[in-house]
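Enquirer: Pasting in a structure now, in structure tokens, and then I'll have a few things to ask.
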Amino acid sequence: MSLKVVLFDFNGVIIKDETIHLKLIDEILVQENLQPQKLHERQGCLGRSDRACFQDLLKNRGRVVTEEYLMELLQRKAQAYVQELEKLEKLPLYSGIEDLIFQVRSQNLKLGLVSGALRQEIQLVLERAKLIEYFTVIVAGDDITTSKPQPEGYLLAVEKLNQVYPDLNLQSQECLAIEDTPAGIQAAKRAQMQVVGVANTYPFHMLQRQANWTVDYLTELELERVQEIFLQQDVNNIKTEC
């Protein structure tokens, strides 16, 4: 099958803000008279939605989690995130993101975004970075109740892209996901997508064992080469069927 769509993760791929998120989660835990995250808990939150992280963290501390209580914490965290970004004169975007978006668009591929972050956080960053117009489909943490490594976010993105572009007849196998964590890679693979792992958050060798392609930096991603491999796989499948 040919490559039709590139789906970006958000935190750790577009913006370097993982430390901000972890700090804000700790602040909220302390405000709730709970212990801040342990090292293994911090690592476990990487690549997962705030909803999933708070659910696990509160459960580990014996706190009863109602939906109302959880939503209150998520909203407080989202508001604090906006305030943190407003303090920054320049957003900590990863180098190469604009060039990669240009590559995708110049090759007539569609763009989407799949993240566990809340929509207001994603839109704030994309609008401020003047990138919002390129992402016609965004699946945010608000849209699903599960979190990566579950595939629902990616499957929903395919559904939404087919709604926006009915003639695309998109299948999951025609999508390329760009992820920075094992949880994200697993989610895309469970949705039957091929994945580029970018070593922004985890070491290269750790992602290399799971992703189809691995790069140290987005600037190293050769999208034309990836497209050629998609086409070659299609040719090989046709030969096998014959």
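Enquirer: Would you confirm whether or not the stretch 79-89 contains a residue that is surrounded by 15 or more Cβ atoms within 10 Å (Cβ to Cβ), in a strand (DSSP E or B) and not charged (D, E, K, R)?
Expert: The answer is no, given that none of the residues of the stretch 79-89 is surrounded by 15 or more Cβ atoms within 10 Å (Cβ to Cβ), in a strand (DSSP E or B) and not charged (D, E, K, R).
Enquirer: Give the number of residues within the stretch 162-179 that are over 17 Å from V139 (Cα atoms) and either in contact (Cβ under 8 Å) with a residue 40 or more places away in the chain or of a type in the set (D, E, K, R) (or both).
Expert: So the answer is 4.
Enquirer: Any idea which residue in the stretch 127-142 is surrounded by the fewest Cβ atoms within 10 Å (Cβ to Cβ), counting only those that are in a helix (DSSP H, G or I) and without any contact (Cβ under 8 Å) to a residue 40 or more places away in the chain?
Expert: E133
Enquirer: Just the residues that are of a type outside the set (S, T, N, Q), assigned to a loop (DSSP other than H, G, I, E, B) and closer than 27 Å to V114 by Cβ, please, taken from the stretch 49-69.
Expert: V65
Enquirer: If you don't mind, another one. Would you check which residues across the stretch 168-185 are within 13 Å of G116 (Cβ to Cβ) and part of a helix (DSSP H, G or I) and list them?
Expert: A183, G184
The numbers here are math on the coordinates, done by the rules we state, and not lab data. None of the values given here were measured: they were computed from a predicted structure. Quick reminder, even Gly has a Cβ in these numbers, built from the backbone with ideal geometry, and neighbours come from all protein chains shown.
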